[in-house]
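> Structure incoming, see below.
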Protein chains: 2
Amino acid sequence: MSRTRVHNFSVSLDGFGTGERQSREAPFGHAGERLHEWMFATRFWKPGGSDGVDDAIAREHEPGIGAEIMGAGKYGYPGWHEDPDWTGWWGPNPPFHTPVFVLTHHPRAPLEMEGGTTFHFVDASPAEALDAAREAADGLDVRIGGGVTTVRDFVAAGLVDHLHVVVVPIVLGRGVRLWYGLEALEQEYAIEATPSPSGVTHLTFSRSSG
Amino acid sequence: MSRTRVHNFSVSLDGFGTGERQSREAPFGHAGERLHEWMFATRFWKPGGSDGVDDAIAREHEPGIGAEIMGAGKYGYPGWHEDPDWTGWWGPNPPFHTPVFVLTHHPRAPLEMEGGTTFHFVDASPAEALDAAREAADGLDVRIGGGVTTVRDFVAAGLVDHLHVVVVPIVLGRGVRLWYGLEALEQEYAIEATPSPSGVTHLTFSRSSG
């Protein structure tokens, strides 16, 4: 059974998955890169990086994924839909290598990139987008890639089977809250907490596929 | 040097230290006892309880404490100050066994209980209350006992040397937020995360006393 998975999704102690004042120059707003330093330090991210528990868990991002769904705020800066030349943050060969479904109220034609990534722009509900992504994934799993509100919407809709959240020991104070509207989420998942010597704590929410 | 310490302070994943709709019947509101089940399961709390990492860390609550400061919301239910017979939740022999300074806008005469606990009711700022508690502690440490806003106020004022927060894997959705207003707190402390087989994660914020 194809599962729906979230990986390497970092939040601050106060539950913010991104900061305030996001822009083309500051994709995570005032949070900068602080939520993701743990991942940038791993061998998963760069040659010569660490190969401990952070690396092992970060790598779970890849295997078995046949398609990704992302929100408009992950695909581009605020206002990208008015820029016909915008092709995402990742250059000509994005790191997805699968079909990617971008949720947007401003659909455009599919965009085929190098390396197997094709962006499909869809104005759809989470359930509808998941149906399309599942079909494209051809039996493999679907990753919900973010940003915060997209992950939250899919979790709230009961569509996520595996949710990996990384709690980073910083207090951001402001930004976009992951947990908003998810009261009693713990009743739907088995939850495991794993600390890393880097200081972050990996939380894994998992349940059997529906 | 006398230090100021917070122990066994539990929050949900979304950062709530207590729930909504607190009352005499529900001191933690809709959270019930879910934030504290990890502690109730320990030998620290009851004979025959667990004696693993939760127990070891929970016991740190006691040694070396010469006085406690608590907020009005820990001492009593909303409206207790209009009840002249209210003497706290803990019966005739409260578990403090030291002077306890209750922050309230409605001071009353000190209340001497069995077992060494005396409640002093003070309308004071965090710094003023800490001065009084330090003097009463006679060289020992001062514990900030809660509730949420009291801990937050003392941390925000830079008065806390040791902060033990227990992250419980539940999403409360609403209540009183611990982290509110504490942006960039991580810059003032060394932070350690320790998971427990019970599912909670112990966070220890520490710094040398000022």
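> For the stretch B:175-189, how many residues meet the condition of being of a type outside the set (Phe, Trp, Tyr) and at the interface with chain A (Cβ under 7 Å from one of its Cβ atoms)?
The first filter runs over the stretch B:175-189 and keeps only residues of a type outside the set (Phe, Trp, Tyr), leaving B:175-178, B:181-188.
Narrowing further to those that are at the interface with chain A (Cβ under 7 Å from one of its Cβ atoms): B:182-186.
Count: 5.
> Looking at the structure I just gave you, is B:His81 of a type outside the set (Val, Ile, Thr), out of contact with any Leu (no Cβ under 6 Å at 6 or more places or on another chain), surrounded by fewer than 19 Cβ atoms within 10 Å (Cβ to Cβ) and farther than 30 Å from B:Ile170 by Cβ?
Working: of a type outside the set (Val, Ile, Thr): yes; out of contact with any Leu (no Cβ under 6 Å at 6 or more places or on another chain): yes; surrounded by fewer than 19 Cβ atoms within 10 Å (Cβ to Cβ): yes; farther than 30 Å from B:Ile170 by Cβ: yes.
Judged against the criteria, B:His81 is a match.
> Would you say B:Pro107 is without any contact (Cβ under 8 Å) to a residue 40 or more places away in the chain and out of contact with any helix residue (DSSP H, G or I) (no Cβ under 7 Å at 6 or more places or on another chain)?
Working: without any contact (Cβ under 8 Å) to a residue 40 or more places away in the chain: yes; out of contact with any helix residue (DSSP H, G or I) (no Cβ under 7 Å at 6 or more places or on another chain): yes.
Answer is yes for this residue.
> Is it true that some residue in the stretch A:164-184 is farther than 16 Å from B:Thr201 by Cβ, in a helix (DSSP H, G or I) and of a type in the set (Ser, Thr, Tyr)?
no
> Working only within the stretch A:100-121, note down all residues that are surrounded by fewer than 18 Cβ atoms within 10 Å (Cβ to Cβ) and assigned to a loop (DSSP other than H, G, I, E, B).
A:His105, A:His106, A:Pro107, A:Arg108, A:Ala109, A:Pro110
> Still on this structure, I have one more. For the stretch A:190-210, name all the residues that are more than 9 Å from every other protein chain (Cβ to nearest Cβ), in a loop (DSSP other than H, G, I, E, B) and buried (at least 18 other Cβ atoms within 10 Å of the Cβ). Spell out the reasoning first.
As a first pass, look at the stretch A:190-210 and keep what is more than 9 Å from every other protein chain (Cβ to nearest Cβ): A:190, A:197-198, A:202, A:204, A:206-210.
Narrowing further to those that are in a loop (DSSP other than H, G, I, E, B): A:197-198, A:207-210.
A:Ser198 - this is the single residue of the stretch A:190-210 that is more than 9 Å from every other protein chain (Cβ to nearest Cβ), in a loop (DSSP other than H, G, I, E, B) and buried (at least 18 other Cβ atoms within 10 Å of the Cβ).
> Got a number for residues in the stretch B:1-14 being part of a strand (DSSP E or B) and touching a helix residue (DSSP H, G or I) at 6+ places or on another chain (Cβ under 9 Å)? Full working, then the answer.
From the stretch B:1-14, those part of a strand (DSSP E or B) are B:4-12; that's our starting set.
Adding the requirement that they be touching a helix residue (DSSP H, G or I) at 6+ places or on another chain (Cβ under 9 Å) leaves B:4, B:6-12.
Number satisfying all stated conditions: 8.
> Mind listing whichever residues of the stretch A:159-210 are within 20 Å of B:Ile191 (Cβ to Cβ), touching a helix residue (DSSP H, G or I) at 6+ places or on another chain (Cβ under 9 Å) and among the hydroxyl-bearing types (Ser, Thr, Tyr)?
A:Thr194, A:Ser196, A:Ser198, listed by residue number.
> For the stretch B:37-59, state whether one or more residues are surrounded by 13 or more Cβ atoms within 10 Å (Cβ to Cβ), within 27 Å of B:Pro169 (Cβ to Cβ) and touching a Leu at 6+ places or on another chain (Cβ under 9 Å).
no
> Are any of the residues in the stretch A:67-76 free of Cβ contacts under 8 Å to residues at least 12 places away in the same chain, of a type outside the set (A, V, I, L, M, F, W, C) and over 12 Å from A:Phe119 (Cα atoms)? Lay out the reasoning, then the answer.
Start the filter on the stretch A:67-76 by keeping residues that are free of Cβ contacts under 8 Å to residues at least 12 places away in the same chain, which leaves none.
No; the residues of the stretch A:67-76 include none that is free of Cβ contacts under 8 Å to residues at least 12 places away in the same chain, of a type outside the set (A, V, I, L, M, F, W, C) and over 12 Å from A:Phe119 (Cα atoms).
> Surrounded by fewer than 12 Cβ atoms within 10 Å (Cβ to Cβ) and outside any strand (DSSP E or B): does that describe B:Pro94?
Numbers: surrounded by fewer than 12 Cβ atoms within 10 Å (Cβ to Cβ): no; outside any strand (DSSP E or B): yes.
No; evaluated as a whole, the condition is false for this residue.
> Can you name the residue in the stretch A:158-174 that is over 18 Å from the mean Cα position of the chain (by Cα) and either more than 9 Å from chain B (Cβ to nearest Cβ) or farther than 24 Å from A:Glu60 by Cβ (or both) and, of all such residues, is surrounded by the fewest Cβ atoms within 10 Å (Cβ to Cβ)? Before the answer, list the steps.
Looking only at the stretch A:158-174, we keep the residues that are over 18 Å from the mean Cα position of the chain (by Cα), and these are A:169-174.
Now narrow it down to the ones that are either more than 9 Å from chain B (Cβ to nearest Cβ) or farther than 24 Å from A:Glu60 by Cβ (or both): A:171-174.
Details: A:Val171: 20, A:Leu172: 28, A:Gly173: 19, A:Arg174: 15.
Among residues in the stretch A:158-174 that are over 18 Å from the mean Cα position of the chain (by Cα) and either more than 9 Å from chain B (Cβ to nearest Cβ) or farther than 24 Å from A:Glu60 by Cβ (or both), the one surrounded by the fewest Cβ atoms within 10 Å (Cβ to Cβ) is A:Arg174.
> Please identify the pairs in which a residue from the stretch A:141-153 that is of a type in the set (S, T, N, Q) has its Cβ atom under 6 Å from the Cβ atom of a residue that is modelled with pLDDT of 95 or more, counting only partners at least 6 apart or on another chain.
Taking only residues 6 or more apart or on different chains, the pairs are A:Thr150/A:Gly71.
The values are calculated or read from the model by the stated rules, or taken from the named source; none is laboratory data. Here the structure is a predicted model, which is why all the values come from computation and not from measurement. Ideal geometry is used to build each Cβ from the backbone, glycine not excepted, and the neighbour counts take in all protein chains shown.
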